[in-house]
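The values are calculated or read from the model by the stated rules, or taken from the named source; none is laboratory data. Note that this is a predicted model, so its numbers are computed, not measured. Because the Cβ atoms are built from the backbone with ideal geometry, glycine has one as well, and the counts that use them run over all protein chains shown.
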Ligand code: WTA
């Protein structure tokens, strides 16, 4: 039997199932399986039908061109403008006065922009960019907090055909510098600062530091947000509000080719250098608008809130482009979920009557740790649908979300996708799919996913292996900016003709996908490989545990031993007895093979700014190595604290 079948085999059994509730099905956009059948019968025809929902200046000649595979092209010959699709076409309808963006600032200020407001701001911004010398094809780096100027700037770039590269506001000056230089940006849009837990993130200062080593940048536009003094370099730096006051309203949208670049978004890979993932216009917009509409069951009266930061792909696709293309009301929040108190998310849901909430498992686990008294203080009855993204959700967190946030009436769409995929690829359709807590369920119509062994052969249902996508999809990345070889190598070389996701997965007897996590987070204990996520899930299932990270620690006899770093719920002490109890609990949930060799209690886990636990650093600690790169951590001090504690405990 191929190793991989064993390796990733999931031992954790989840038997709960939640069919779509009848009250939801009754009004759902998709109520039956016909879309799946339609897509299976003719995938390209299915996507072409979805593309009809987009406004094209010129219709495409060919849906999919695979003659230069894996450099696939979609809607070849089609002409469109993404900003026109997200704004202008709503202006001739009643949606002209509908809220496009509802924005909430961390200090409690708020702003609502209708589609008409968005048109005014975006066309002015586009004229401002042109005035500053930006032409079609020039790259613009955007380094902003979560304020309305961020989507306005993105849409203005899209309007004039200048690809944007949004750099998450939490990145350092060096990270910003490397991203600017990689794409040779001509202009940077930033702010004086951004608010985070009542403190100012000094964006302009970081930007100045970065720009000392960015020769391509000619101009900088600075949004005033926090109001503190910043350095303005004459001839290079301009205030957004001053230029915008002079910019005229109305700017004709560039007619872009379907395959013209819409944006570059940097993401971490297996090497130290971030990859500039390239997305284009036509296929991307078709992909994100279709998945957004059908997976989130978007109706005109929905108030939809995705809590991601626009600095990540989730914000690009499911705060900005998907929702606005669908004429939806999209909520944006600037700050932290625990500011000023731990009920901020629930206060926002209550304030705006949010109907659809899309957030991350890591946030849900934090909410679990904080306790149910926080959501209980607020009225969450407007919610009708919940979503998660970013990492596997452990069944206990799923159940908590379902019960305490969704009031046991809201389906949960667990959506699997990546920066590279651009759009959600595996997810339930909430009016159709029976949910299983912890499973992203099945591929979206028109998407072909599979679980294969190391030879690229599909493994039988009920076993595990590598998650692959068997055929191209419209919002797929087109290349790595400036490095097409890396694109081919990274994604298309492991298995012939298939996209390699880098994730391990199992499909169960019903064909449901259970994502085990990155393949590099899989550990091998005595010849059995286990998903770190599964052990973590078992740990988090214990009532004392808030969060856990599991790593494989080099072990003479077993190859690897399981080490668990565990954060306990507030008020619970990490005693040796509890450690034994947790080991027994894991053994009971999964099997003796998954029993951790050691459990280490810690107050925090090292996380990236997007909330992913950096197990690599925990491995370094556990194996007594010098710590690897910690620059992507949200709080680099966490890891040195854990290291000290760990070493003193070992001694
Ligand atoms: C993981 C985020 C399990 C996965 C959109 C993937 C998930 C990586 C899920 C991409 C999910 C994302 N269930 N795992 N629903 N969604 N992942 O590029 O390992 O930041 O490869 O894109 O997150 O992360 P990225």
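Every condition in (1) away from the ligand (no atom under 14 Å from the Cβ); (2) assigned to a loop (DSSP other than H, G, I, E, B) holds for residue 348 except the one numbered (2).
If you go through the range 458-467 and pick out every residue that is touching a residue at least 60 places away in the same chain (Cβ under 8 Å) and either surrounded by fewer than 24 Cβ atoms within 10 Å (Cβ to Cβ) or not assigned by TED's automatic domain parsing to the domain that holds residue 492 (or both), you end up with 3.
Residues 422, 456, 462, 446: which one is outside any strand (DSSP E or B), touching a strand residue (DSSP E or B) at 6+ places or on another chain (Cβ under 9 Å), closer than 30 Å to residue 478 by Cβ and away from the ligand (no atom under 14 Å from the Cβ)? Every option except 456 fails the conditions.
Being closer than 14 Å to residue 435 by Cβ and at pLDDT 95 or above is the filter here; which residues of the range 379-394 pass it?
Within the range 379-394, the subset closer than 14 Å to residue 435 by Cβ is 385-388, 393.
Scanning the range 379-394 gives 385, 386, 387, 388.
Each residue in the range 374-413 was checked for being more than 26 Å from residue 536 (Cβ to Cβ), in contact (Cβ under 8 Å) with a residue 40 or more places away in the chain and out of contact with any strand residue (DSSP E or B) (no Cβ under 6 Å at 6 or more places or on another chain), and 3 pass. Residues of the range 399-414 that are under 24 Å from residue 350 (Cβ atoms) and within 15 Å of the ligand (Cβ to nearest atom): 401, 411, 412, 413.
With respect to being within 16 Å of the ligand (Cβ to nearest atom) and surrounded by fewer than 22 Cβ atoms within 10 Å (Cβ to Cβ), residue 396 fits the description.
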